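Structure, as structure tokens:
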Amino acid sequence: MTAIASRFGPQLIRLLLVTAVLTVGLLGALAGTASAHAALTGSDPKDGAVVDVAPREVTLTFSEQIAMGDDSIRVLDPSSKRVDVAKLRDLSQGGTVRYAVGLKPGLPDGTYTVAWQAVSADSHPVSGAFTFSVGAPSATTATVPDQEAGGGLVGTLYDTVRYISYAGFILLVGGAAFILACWQRGASVRPLQRLVVGGWVTLTAATLVLLLLRTPYTGSGKLGDMFDLGGLSDVLDTKTGAALVSRLLLLGAAALFIAVLFGAYAKRVTEAEAEVEAEAEMDGEGNAEAGKAKADLAFGLSLGGTVVAAGIAGTWALSEHASTGIQTGLAMPLDVLHLLAVAVWLGGLVSLLVALYRVPDLEQAAVRRFSRIAFTSVVVLAVTGVYQSWRQVGSWDAWTGTSYGQLLLVKIGLIAVLLGAAWFSRRWTGLLGEDAKTAKTAETAEAGAEADAEAGVKVGVKAGVDVAEETAEEDVAEAGTAADPERAAQLARQRTALATARKKRDRDADTERSGLRRSVLIEACVALVVLAVTTALTGTEPGRTQEKEVSRTGTEAAAPAPARPVNLTEPFDTGGTKGKGTLRLTIDPARPGTNLMHVWIDGPDGKPMDVPEVKVAYTLKSQQIGPLPVVPERLAAGHWSAGNVQIPMPGDWHLQVTVRTSDIDQTTIEKNVKIG
């Protein structure tokens, strides 16, 4: 492939451009109107409703457009058997998103559970469940998934691979940008070649795994379903599937880019350097021609690589938060810029770190060029980040009141730490520049020492290295006399190893470079954490959407309060003879589903007080559910109990307890209690 790239470099560049433009055009055609995380806004029957006659179907209404399959809505009877029939029906009209599923005829009385799951427009799975009753509530053993859609082992694996894909993109784009813009000689340096190729391999493998994991991630949650060809076919019909396939096409173009970069371009750079060294013996025409050929190829690689990198970044912008919510036409291009700036900064940072540790003769000019490019990237990150924060967070309260805002604050704090480390790196870079004259003097002295060494004068080096070098030179001379090629090659390798060890020793003795390596290493470590937080942000519901759901439901489902039993003690007075006493009530475990309720009535003396009747009702006013009646049974004097109290959902429930002490004397105690 390298030979082909060397011969057909310009043609490959044109092919890169054409492929990238066509693929980006495909992404643009696939990008339609999208919205933020979807939420269930209504149902028929309503959540917690008690109906006299079994309905023929269950309908669900959502806030935004979603993707559903035939098995996305399941209706379970009290014994966990499915009672839904036929296929899912799409009843959406205009701006209303509604789906329905039919039920078996003649359903008996009892409580039924509706479990649903779908894929939101920003590619993340959403799910939920609610109950309704026919005739009267009953005990139910219906089980729904104990984890949210996209959770469990599959969810953890999917998020991990997403993190790896971001890392691969950063190494691929940032490493290539570092070579082209900062250190062109790095195209022929093996550690940097491995870094860029490793980024390409990582991103390609991660994209393939994401494509396979998409079926269990948005569906069954079973890892074995990743090899389901039918599910894979369904994934390819979705926006996310199209984005992943487009990414693979662009990675094919990126492979050609890498072949040209490390083939034809590396060769041109080497030739240009050779021409510069021989300039004193030439008329300058050859040097100018080689330099022009290298510049033309560098321009083509920069242009083609930018288009390919922007296209790969666009596959994320197309399928995640940037493609949903408000101002998507502006948000998607800015998201592409944001991703490119991250890759150039962090990927270049890793490339610089590799060069500082693995390449002894990294030029100071390359470090300074990267410092300027990193500063520009940070400016782009700041501008695009401020816009995306405003767009996704929505309000000041959402910074601390939503999980998205809290994660974003953590990311901003880490970026501040990263910028602090970068400031120290710039200081060390400045010291490198200040010591340029000293370094040049040292190089001159070293050259003089080498000349003295050739004349037989051994000065300025350690005794062990001197002896080894002297021995190696004598051995090479003997090998030349004996005309033993194998021995000569072995001794030449020894001389190369000694020269490398000398360069490493000199590099380690350079205080400025050592300080720069340490600060860059700190930057790279913090960058890994920033990347992890960024990956978590892409899978978290935006703060603007979370606030909308809280205002609509009155509760924040993303962070429910821990369930704990309700204990209520209230005095009462019905106004009649012996009408005073104390009410004690418990609800256990005080969470959605079946609960146990106990009511005790105590007289003024603290002893059990027998009353003719006790009634209880509870209402969730924020959802217009209730009042749901409870008629407890008398167990003993002053003790009443109900063992099948169905509470359909968490929230602040309004509790009403009516105590009757005679035929005409009664009172109602009202209290708000927290469920769930």
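Hey, can you tell me all the residues within the stretch 614-629 that are within 18 Å of Gly651 (Cα to Cα) and assigned to a strand (DSSP E or B)?
Result: Val616, Ala617, Tyr618, Thr619, Leu620, Ile625, Gly626, Pro627, Leu628, Pro629.
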Self-check item: Single residue of the stretch 131-171 satisfying the filter (of a type in the set (Ser, Thr, Tyr) and modelled with pLDDT under 80) that is nearest to the chain's Cα centre (by Cα)
Solution: Thr143
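Just checking, which of Gly168, Gly224 is without any contact (Cβ under 8 Å) to a residue 40 or more places away in the chain and either open to solvent by 10 Å² or more (accessible area, probe 1.4 Å) or of a type in the set (S, T, N, Q) (or both)? Break it down into steps so the answer makes sense when it comes.
Working: Gly168 fails: either open to solvent by 10 Å² or more (accessible area, probe 1.4 Å) or of a type in the set (S, T, N, Q) (or both).
The unique qualifying residue is Gly224.
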Quiz prompt | Residues of the stretch 390-404 satisfying the condition of being modelled with pLDDT under 70 and either in contact with a strand residue (DSSP E or B) (Cβ under 8 Å, 6 or more places away or on another chain) or in a helix (DSSP H, G or I) (or both) | solution = Gln392, Val393, Asp397, Ala398, Trp399, Thr400, Gly401, Ser403, Tyr404
Quiz item: Considering the stretch 565-599 alone, what residues qualify as being without any contact (Cβ under 8 Å) to a residue 40 or more places away in the chain and either under 15 Å from Gln656 (Cα atoms) or polar (S, T, N, Q) (or both)?
Solution: Asn567, Thr569, Pro571, Thr582, Arg584, Thr586
Quiz item: Where residues in the stretch 43-79 are out of contact with any helix residue (DSSP H, G or I) (no Cβ under 8 Å at 6 or more places or on another chain) and acidic (Asp, Glu), which of them is most open to solvent (accessible area, probe 1.4 Å)?
Solution: Asp52
Quiz item: Which members of the stretch 632-649 meet the condition of being closer than 17 Å to Ile587 by Cβ and either surrounded by 20 or more Cβ atoms within 10 Å (Cβ to Cβ) or aliphatic (A, V, I, L, M) (or both)?
Solution: Pro632, Leu635, Trp640, Ala642, Val645, Gln646, Ile647, Pro648, Met649
Self-check item: Unique match (being within 22 Å of Leu212 (Cβ to Cβ), surrounded by fewer than 17 Cβ atoms within 10 Å (Cβ to Cβ) and modelled with pLDDT of 80 or more) among Leu303, Leu318, Leu236
Solution: Leu236
Quiz item: So which residues in the stretch 575-586 are surrounded by fewer than 16 Cβ atoms within 10 Å (Cβ to Cβ) and of a type in the set (S, T, N, Q), if there are any at all?
Solution: Thr577, Thr582
Quiz item: Limited to the stretch 169-215, what total is found for residues that are closer than 14 Å to Ala309 by Cα and not hydrophobic (A, V, I, L, M, F, W, C)?
Solution: 4
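If you go through the stretch 587-613 one residue at a time, how many are in a strand (DSSP E or B), touching a Pro at 6+ places or on another chain (Cβ under 6 Å) and either open to solvent by less than 70 Å² (accessible area, probe 1.4 Å) or more than 14 Å from Ile675 (Cβ to Cβ) (or both)?
1
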Quiz prompt | Looking only at the stretch 172-221, and only at residues there that are assigned to a helix (DSSP H, G or I) and among the hydroxyl-bearing types (Ser, Thr, Tyr), the one that is least open to solvent (accessible area, probe 1.4 Å) | solution = Thr207
Practice problem: Identify all residues within the stretch 298-357 that are in contact with a helix residue (DSSP H, G or I) (Cβ under 6 Å, 6 or more places away or on another chain), closer than 23 Å to Tyr265 by Cβ and among the polar types (S, T, N, Q); write none if there are none. | Solution: Ser302, Ser351
Quiz item: Could you count how many residues in the stretch 360-373 are over 20 Å from Ile522 (Cβ atoms) and part of a loop (DSSP other than H, G, I, E, B)?
Solution: 3
Exercise. Could you tell me whether Leu568 is modelled with pLDDT of 90 or more, within 22 Å of Lys674 (Cβ to Cβ) and either of a type in the set (A, V, I, L, M) or not in a strand (DSSP E or B) (or both)?
Key: no
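The values are calculated or read from the model by the stated rules, or taken from the named source; none is laboratory data. Predicted model, so just to flag it, every value in this text is computed and none were measured. Cβ coordinates were reconstructed from backbone atoms using ideal geometry, including for glycine residues, and neighbour counts include every protein chain displayed. What goes into the accessible areas is simple: the full protein's heavy atoms, side chains included, and nothing from ligands, DNA or RNA. Shrake-Rupley method; radii C 1.70, N 1.55, O 1.52, S 1.80 Å.
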